[in-house]
1. Out of everything in segment 1-18 that is assigned to a loop (DSSP other than H, G, I, E, B) and either surrounded by 12 or more Cβ atoms within 10 Å (Cβ to Cβ) or hydrophobic (A, V, I, L, M, F, W, C) (or both), what residue ends up being modelled with the lowest pLDDT?
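The values are calculated or read from the model by the stated rules, or taken from the named source; none is laboratory data. No experiment lies behind these values; they were computed from the predicted model shown. Note that each Cβ is placed from the backbone with ideal geometry, even for glycine, and that neighbours are counted across all protein chains shown.
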Amino acid sequence: RMRISFNSVWFQQDGAAPHIAQPVMTELRRKFSNKLISRNSTFRWPPRSPDLTAPDFFLWGYCKQEVYKAKPTNLNELRPSTRETIATIPVSTFQAVMNNF
């Protein structure tokens, strides 16, 4: 199982009011330090910035299509299916998505 260090991850969120509430922002700053893109953060970004939201246009739709083929009925079935779906997407597919975005 691959582990990702939060030191190497940038976190982007939209500017919805619940997402930028003080307790939420405090926790996000603690977890992601200066790699947070949000309203009221050091790095502000429009919520629909096309160069950062390719997952909105590809990944989530693709995952939903693939994961729900098995018709999961609870989170214990949904989580591993989602992880497996993402893990098996070829790097070349992600590269093509970004190149054509």
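1. Checked segment 1-18; the qualifying residue modelled with the lowest pLDDT is MET2.
A quick yes/no check of all residues on (1) modelled with pLDDT of 85 or more; (2) closer than 27 Å to GLU84 by Cα:
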residue: ILE20; (1), (2): no, no
residue: VAL24; (1), (2): yes, no
residue: LEU28; (1), (2): yes, yes
residue: ASN34; (1), (2): no, no
residue: PRO50; (1), (2): no, yes
residue: TYR62; (1), (2): yes, yes
